[in-house]
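Contents: one structure, followed by commentary.
Just so it is clear, none of the values below were taken in a lab; they were calculated from the coordinates. Bear in mind the structure is a predicted one, so any value in this text is a computation, not a measurement. With ideal geometry, Cβ positions are generated from the backbone for all residues, glycine too; neighbour counts draw on all protein chains shown.
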Amino acid sequence: MAWWPVTESSPIGVDVGSRAIKAVQLAPPSGGAAPAVAAAAVIPRRRFEGMIDDDEARRLRDVLDRRGFRCGDVVIAVPHEHLMSDLLELPPRESGAPIRQIAAMELARTNRCDPNSFELALWDVPGAGKSGTPSPAMAAACPHEQAEELLDRFASVGLRIRAIDVASCALARAAACMLDADGPTAMLDIGATGANFVLVLDGLVVYQRRLADVGLGRLHGALQEQFGLDDELIGHLLTGEDDGAPEDGATTGAGAAPADNAISAYIEGLCEEVRASLSYAEHL
């Protein structure tokens, strides 16, 4: 899955989330082994959501320098609020129809925008459609306005964006390095403001859905408001790490059991959303 020269470190993958900016770089694979992580960083955002600003871009550059990232080439995931995507029914390839133009028009219609205002990526769904029948295809797009703003923001601090990628496709490539799955693979990427459900077949994304009501930020806020828990204790409850637990064992105070119940309720709600997505995907 490594599409960069095998003798070089990979470009730096950057994901600008609503609460944090994540960066990772892979070392060159050796001896037939999967690429290994060479450097990684998570940078909390000082303002939640929205486009990365000049100050955040400078902070990102400085952290990359300190953490041992190599080169200044970046591949950035399209922020979910700027991503347009859909599963489209298109004419068969052999029909000679202008497939790409039809896909752009359909995506523009559903998003109420100009079909010339975005960059489009399009790929066929594996194993779907028969000769002479409509062909399901995944379409994903990023508006030129937001793409150019990202390019300018990173260039202003000396970082060159080599590509703007679809986050779900990057997730599929990462999973391919770690999983040996013959059939469809479902993945869930949980963030602060929502989660992304992704279904992958033969290494390609065939369905994705944004689950806007199951972000960890909602659970975090509920634990703070209902039980008066601080950030460290919430981090301990959600990750199981010992660093956030008070030394006197006070994590099992009056709010601990209700907090566990709140976490269980959140997980059940998340599972319901995943089950609904799986049920829908079965009928594609």
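State the answer as a single residue: which of A139, V214, Y266 lies farthest towards the positive end of the charge dipole of the chain, with beta carbon charges of +1 for Lys and Arg and -1 for Asp and Glu, about the Cα centre. So the residue we want is A139.
The fewest-to-most ranking of I76, I234 by surrounding Cβ atoms within 10 Å reads I234, I76. Projecting the Cα atoms of S18, T185, V166 onto the charge dipole of the chain (Cβ charges, centred on the Cα centre) puts V166 farthest toward the positive pole. Values (1) 21.1, 72; (2) 20.7, 67; (3) 19.3, 64 are given for comparison; Rg and Dmax of the Cα atoms in Å, derived from the coordinates here, is the one labelled (1). Only alpha carbons enter this Debye calculation for the stretch 1-165, each as an equal point scatterer, and the log10 of I(q)/I(0) it gives at q = 0.18 Å⁻¹ is -1.09. Qualifying chymotrypsin sites (Phe, Trp or Tyr not before Pro) in the stretch 1-105, where qualification requires a DSSP coil assignment and no more than 13 other C-beta atoms within 10 Å, comprise W3, F48.
Nothing charged except the Cβ atoms of Lys and Arg (+1) and of Asp and Glu (-1): what's the magnitude of the dipole of the stretch 83-130 about its Cα centre? Round to the nearest 20 debye.
80 debye
Over the stretch 81-131, the pair-distance histogram of Cα-Cα distances with 5 Å bins from zero comes to 4, 19, 31, 22, 14, 8, 2, 0 percent, rounded to whole numbers. Basic side chains Lys and Arg get +1 at the Cβ, acidic Asp and Glu get -1 at the Cβ, and with that the dipole of the stretch 1-165 about its Cα centre reaches some 520 debye.
Net charge dipole, the chain: roughly 840 debye, given to the nearest 20, about the Cα centre with Cβ charges of +1 for Lys and Arg and -1 for Asp and Glu.
Regarding the stretch 8-93, what is the average projected area of its C-alpha convex hull, in nm²?
Details: hull surface 34.2 nm².
Mean projected area of the Cα convex hull: 8.5 nm².
Angle between the Cα long axis of helix 167-178 and the longest principal axis of the chain, 0 to 90 degrees, nearest 10? The answer is roughly 80 degrees.
Against the chain, whose longest principal axis comes from its Cα atoms, helix 54-66 is set at around 80 degrees.
Based on the convex hull around the alpha carbon atoms, the stretch 27-67 presents an average projected area of 3.9 nm².
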